[in-house]
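Asks: Below: one structure in structure tokens.
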Amino acid sequence: MKKSVLTRYRAMAYVTGVLLVLLTIGVIAKYLLGIDGAADFTKIVGIAHGWLYVLYLVVAFDLGSKAKWPVGKQLWVLIAGTIPTAAFVVERKIAREVEPLIADEAADPVNA
């Protein structure tokens, strides 16, 4: 597996996680605090998170299929983009797990 697969996943996990935290803050501001400008903010961040979450799904599925994860683990990684702050925790755990696989592949010569 190439390092770029993990790098893409990590970038999308951070982007998705940040947008979800912002969306959560916007929803709290809109519905609980009644802040006037929160509706527009929530709409924009919600749309951005929705589209980028789809890209996150593609990237995470690519990583999981190349790492040969079982279905349960794959689902947990895919769902992590819908739970505020879970994307950060899962990303850290996955990065620690996948980095040795990348290092092992870099140490071995490519079989042609």
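Asks: Using θ = phi - 60° and the Karplus form 6.51 cos²θ - 1.76 cosθ + 1.60, what ³J(HN,Hα) does each residue of region 72-86 get, whole Hz, x for Gly and Pro?
Replies: x, 5, 4, 4, 4, 5, 5, 6, 4, x, 10, 10, x, 6, 5
Asks: If I compute semi-axes √(5λ) of the Cα gyration tensor in Å from the structure I just sent, which labelled value in [x] 28, 20, 12; [y] 37, 13, 12; [z] 34, 12, 11 lines up?
Replies: The value matching this structure is [z].
Asks: Would you mind getting the accessible area per residue of the chain, heavy atoms of the protein chains only, 1.4 Å probe, in Å²?
Replies: Ligands and nucleic acids excluded, the figure is 62 Å² per residue.
Asks: Ranking request for peptides 91-101, 52-62: highest mean number of other beta-carbon atoms within 10 Å first, then the rest in descending order.
Replies: In decreasing order of mean packing, 91-101, 52-62 become 52-62, 91-101.
Asks: Separate question: What does the extension gain come out to for ILE44 and GLU97, with contour length at 0.36 nm per residue minus their alpha carbon separation?
Replies: Extra length from ILE44 to GLU97 when fully extended: 15.6 nm.
Asks: Now for a different question. Using a Gaussian network for the chain with springs between C-alpha atoms less than 10 Å apart, which of these wobbles most: GLY46, GLY72, GLY17?
Replies: With Cα springs under 10 Å in the chain, the top fluctuation among GLY46, GLY72, GLY17 is at GLY72.
Asks: Using a 1.4 angstrom probe on heavy atoms only, work out the carbon and sulfur share of the accessible area of the chain in %.
Replies: Whole-percent figure for carbon plus sulfur exposure: 71.
Asks: Moving to a separate point now. About the Cα centre of the chain, how large is the charge dipole given +1 on each Lys and Arg Cβ and -1 on each Asp and Glu Cβ? Please answer in debye to the nearest 20.
Replies: Once rounded to the nearest 20, the dipole reads 80 debye.
Asks: Kindly provide the trypsin sites (Lys or Arg not before Pro) of region 1-76 that DSSP labels as loop, not H, G, I, E or B, and whose Cβ sees at most 13 other Cβ atoms within 10 Å.
Replies: Within region 1-76, the qualifying trypsin sites (Lys or Arg not before Pro) (loop, at most 13 other Cβ atoms within 10 Å) are LYS2, LYS68.
Asks: Let me have the relative contact order for the chain, percent, based on Cα pairs under 8 Å that are six or more residues apart.
Replies: Relative contact order of the chain: 39 percent.
Asks: If the reach is capped at under 17 angstrom between alpha carbons, list the lysines near LYS66, excluding any in the same chain fewer than eight residues apart.
Replies: Straight-distance partners of LYS66: LYS2, LYS3, LYS93.
The values are calculated or read from the model by the stated rules, or taken from the named source; none is laboratory data. Everything numeric here is computed off the predicted structure, so don't read it as measured data. Because the Cβ atoms are built from the backbone with ideal geometry, glycine has one as well, and the counts that use them run over all protein chains shown. Remember, those area values only see protein heavy atoms, side chains included, never the ligands or the DNA or RNA. Shrake-Rupley method; radii C 1.70, N 1.55, O 1.52, S 1.80 Å.
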